[in-house]
Amino acid sequence: MSCAHAYLPHDGGEGLFTLGAAEVTFGRGALREVGELVRALGARRVALFTDRVVAGLEAVDRARRSLAAAGVDVEVFADARVEPTDASFLDAARFAREGRFEAYVSVGGGSVIDTCKAAALYAAWPADFLAYVNAPVGEGRPVPGPLPPHVACPTTSGTGSELTGIAVCDVLALKAKTGIASRWLRPARAVVDPDATATLPAAVVAASGFDVLCHAIESYTARPYTARPRSASPALRPMSQGANPWSDLGSAEALRLGGRFLARAVADAADAEAREQMMWAATLAGVAFGNAGVHLPHAMAYAVAGLVRDFYMEGYPAHEPMVPHGVSVVAGAPAAFRYTAPAAPERHLAAAGMLGAELRGASPDDAGEVLSAALTGLMRAARVPVDLRALGYAEPDVEALVGGTIVQARLLDNAPRRATRDELAGVFRDALDARGPR
Ligand SMILES: [Fe+2]
């Protein structure tokens, strides 16, 4: 399953894969070490990125105390936006450029960490915003070189952003959600402290937990790295290499842990074991998708989140409609996996088994249905919206949803089955209403 021999060589296909990851420090109390880690990277003056909500939490305090104790000067940027935009990225970049920092520390969820990556990028390598943004929305120009070191400290157990070289944002003028992807954006260090999630509302644990499960399933079922054309040089090998033996390890364990602990972590904030195990699952899934890449459910999620009209979720900012990232991914995921399963039925079935589904009697033809049912069952148990209708979408929205998805070429190409426009419309129609009992 996670053996390199499972990857059959293709004529002219890639024969190499790269193990990329930040150096990770994991465990309760890890935030105590941030200051010394920054010092060891040679920095005395850093920017600390966070957002207005997290700024008031214990995690930021701990990081600041640790930095002060290590003799590091800190300037705080607390205006990172939940669901960042090109405008909010550029505000953060202005702060970074003016401060001439030697290193960056981010403390927060994926939005904060992504904002810090983008700020560091545009401060170090100024360019028009769309220059580095993924094509076809942007120019997809490669990031020219390294950035000052970034120590990322996640406070949610979900996005895995601390382990990837991806920063996601809305491009407001184009009404498109997209991102920047470069190995130079990957933080140098990840400090993952499960204590930072102790005060998270249940809805946030649920949404970010399903993001973890989707990272793991999508990495595990992505087009194998051997199916990609061989890269002419190491610099041209994409971070999203497709499924590979390294990402398989992280995906498999993340799925086993998620199947076992997600419902518990949502049900009881005091269940420290469940929250710690979900943090570890998020870390493993982050390593996996930082190397394999995600595919169709995340491509669809960009459109689902970007076109929101009137959905609000408890536990998230209520001043504007917003679908939390993990919910936007998982609501369409059962339909997406029904579509991709025929291209890699064994892997879809195995993923369902790791989540805890009963596989006895299941044939390859059942793979999509078995995996989707396992996921939907977990969604119902955690009380997250199970389909796109629950997020306010209906049949007349399908065309716009397809339009927002078809531009996510990097993700669609990483799927085991490449969807056409018509097929995407079919997947979105299927995703409007969950199967099984309400
Ligand atoms: Fe995600």
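Per-structure values
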item: Checklist (1) under 18 Å from L147 (Cβ atoms); (2) buried (at least 22 other Cβ atoms within 10 Å of the Cβ); (3) of a type in the set (G, A, S); (4) touching a strand residue (DSSP E or B) at 6+ places or on another chain (Cβ under 8 Å) applied to G99, failing item; result: (2)
item: Top-ranked residue in region 81-133 [being charged (D, E, K, R), part of a loop (DSSP other than H, G, I, E, B) and away from the ligand (no atom under 16 Å from the Cβ); ranked as modelled with the highest pLDDT]; result: E102
item: Options A196, A203: the member that is under 22 Å from L375 (Cβ atoms) and of a type outside the set (K, R); result: A203
item: Some residue of region 261-277 being surrounded by 24 or more Cβ atoms within 10 Å (Cβ to Cβ) and within 14 Å of the ligand (Cβ to nearest atom); result: no
item: Of all residues making up region 112-147, the number that are among the small types (G, A, S) and surrounded by 24 or more Cβ atoms within 10 Å (Cβ to Cβ); result: 3
item: Any hit, region 134-146, residues being over 21 Å from the mean Cα position of the chain (by Cα), not in a loop (DSSP other than H, G, I, E, B) and not acidic (D, E); result: no
item: Every pair of residues 6+ apart whose Cβ atoms lie under 7 Å, when the first sits in region 345-368 and is surrounded by fewer than 14 Cβ atoms within 10 Å (Cβ to Cβ) while the second is part of a loop (DSSP other than H, G, I, E, B); result: none
item: Residues within region 223-259 that are within 16 Å of the ligand (Cβ to nearest atom) and not in a helix (DSSP H, G or I), tallied; result: 2
item: Number of the exception - A69 against (1) at negative phi; (2) in contact with a strand residue (DSSP E or B) (Cβ under 9 Å, 6 or more places away or on another chain); result: (2)
item: Some residue of region 239-255 being outside the structural domain of I166 (by TED's automatic domain parsing), closer than 14 Å to L200 by Cα and of a type in the set (D, E); result: no
item: Which listed residue, of A292, A288, A303, is touching a helix residue (DSSP H, G or I) at 6+ places or on another chain (Cβ under 9 Å) and over 26 Å from P194 (Cβ atoms); result: A303
item: Candidates R410, R418, filtered to the one that is farther than 24 Å from R264 by Cα, modelled with pLDDT under 95 and not aliphatic (A, V, I, L, M); result: R410
item: Every residue from region 155-199 that is closer than 22 Å to V38 by Cα, more than 12 Å from the chain's Cα centre (by Cα) and either within 15 Å of the ligand (Cβ to nearest atom) or assigned to a helix (DSSP H, G or I) (or both); result: R183, W184, L185, P194, D195, A196
item: Any hit, region 14-35, residues being free of Cβ contacts under 8 Å to residues at least 24 places away in the same chain and assigned by TED's automatic domain parsing to the domain that holds V171; result: no
item: Residue list for region 305-344, filter: crowded, with 24+ Cβ neighbours inside 10 Å, under 20 Å from the mean Cα position of the chain (by Cα) and more than 14 Å from the ligand (Cβ to nearest atom); result: P334, A335, F337, T340
item: Flag if Y220 is farther than 13 Å from A382 by Cα, within 16 Å of the ligand (Cβ to nearest atom) and among the aromatic types (F, W, Y); result: yes
item: Enumeration of residues in region 369-394 that are crowded, with 21+ Cβ neighbours inside 10 Å and among the hydroxyl-bearing types (S, T, Y); result: S372, Y393
item: Candidate set: region 280-304, residues that are more than 21 Å from G165 (Cβ to Cβ) and in contact with a strand residue (DSSP E or B) (Cβ under 8 Å, 6 or more places away or on another chain); chosen: the one nearest to the ligand (Cβ to nearest atom); result: A303
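The values are calculated or read from the model by the stated rules, or taken from the named source; none is laboratory data. Quick caveat: nothing in here was measured; it's all calculated off a predicted structure. No Cβ is skipped: glycine too gets one built from the backbone with ideal geometry, and neighbour counts run over all protein chains shown.
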